[in-house]
Amino acid sequence: MIVKELVSEIITPASFSDSAAFALGIMNEFSVSHLPVVQDFIYQGLISDTDIYNINNPDEPIGNHKACLSQISVGESQHVYDAINLFSTHSLSLLPVVGENNRYLGIVSQTTLIQRLAGIFALNNPGGVIILEINEKDYDLTEIARIVTSNDAKVLSLALTSFPDSTKLEVTLKLNRMDIEGLLQTFNRFNYSVKASFSEDYDYESLKQRFDSLMNYLNV
């Protein structure tokens, strides 16, 4: 999935002539803490509510404070994982999307990203989740898949999470069946450490909380 498929124009960007107070009003209206700044259809940078609070005169135009704009954006043809990485690294509430010659195309919102990732990782499909903790050197996708299929189940999605200063990996498996007790027993028999398991559907808020945690730790 590429970023272009997630672009929204719902939020109006600010321009150099707009006041700091105007930009803050848009942020408040859409419950975001960042806003793209665009001049003549060209993306100029991203301003945060913290930057605006540091401007002494709220009626002063943003163009007088170009130095505070951060040059964070994602290209329309980049993979969605690149967007995830930028959201995580910079703690963004939205991400500007640009085309050729830095032409502004719109934004990707956290909500849109979560909803699309739910589809990528089959989180909306009924089925259990198993989280394995293994050493990096012991990770063997073929063996994990064989264990799952030997229990008449299928892996709908798989995600790896690594941690700083650790040789451990978390392998999160989303499966196509709710009854995973047999699978848990098989993984234990093959000396896999089952860190956690879930066999009930998630609501949206639960999904968002888990995605926010993933954004903090996922290496993409």
Next item on the list: Being under 26 Å from the mean Cα position of the chain (by Cα), over 18 Å from Val108 (Cβ atoms) and polar (S, T, N, Q) is the filter here, so list the residues in the stretch 15-43 that pass it.
Entry: Asn28
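Which members of the stretch 1-15 meet the condition of being in a helix (DSSP H, G or I) and either of a type in the set (D, E, K, R) or out of contact with any strand residue (DSSP E or B) (no Cβ under 7 Å at 6 or more places or on another chain) (or both)? Talk me through it step by step, then tell me what you get.
Narrowing the stretch 1-15 to residues in a helix (DSSP H, G or I): 3-6.
Listed by number, the residues that qualify are Lys4, Glu5.
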Margin query: Restricting to the stretch 159-180, name every residue that is within 10 Å of Ile130 (Cβ to Cβ) and not in a loop (DSSP other than H, G, I, E, B).
Written below: Val171, Thr172, Leu173, Lys174, Leu175
Notebook entry, point to check: Is it true that some residue in the stretch 48-63 is crowded, with 17+ Cβ neighbours inside 10 Å and closer than 30 Å to Ser162 by Cβ?
Noted result: yes
Notebook entry, point to check: From the list Thr50, Thr12, which residue is closer than 14 Å to Ser109 by Cα and among the hydroxyl-bearing types (Ser, Thr, Tyr)?
Noted result: Thr12
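For the stretch 50-82, which positions are over 18 Å from Asn28 (Cβ atoms), aliphatic (A, V, I, L, M) and at pLDDT below 90?
Filtering the stretch 50-82 for residues over 18 Å from Asn28 (Cβ atoms) gives 56-57, 60-61, 63-82.
Adding the requirement that they be aliphatic (A, V, I, L, M) leaves 67, 69, 72, 74, 80.
Hit for the stretch 50-82 is Val80, nothing else.
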Next item on the list: Return the pairs, sorted by first residue and then second, in which the second residue is among the acidic types (Asp, Glu) and assigned to a loop (DSSP other than H, G, I, E, B), the first residue lies in the stretch 83-97 and is surrounded by 17 or more Cβ atoms within 10 Å (Cβ to Cβ), the beta carbons are less than 8 Å apart, and the residues are 6+ apart or on different chains.
Entry: Val97/Glu76
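When you go through Thr111, Thr142 one by one, which is the residue that is under 18 Å from the mean Cα position of the chain (by Cα) and either free of Cβ contacts under 8 Å to residues at least 12 places away in the same chain or loosely packed, with under 15 Cβ neighbours inside 10 Å (or both)? Give the derivation first.
Values: Thr142 fails: under 18 Å from the mean Cα position of the chain (by Cα).
Just a single option satisfies the conditions, and that option is Thr111.
The values are calculated or read from the model by the stated rules, or taken from the named source; none is laboratory data. Model, not experiment: these values are computed from the prediction. Quick reminder, even Gly has a Cβ in these numbers, built from the backbone with ideal geometry, and neighbours come from all protein chains shown.
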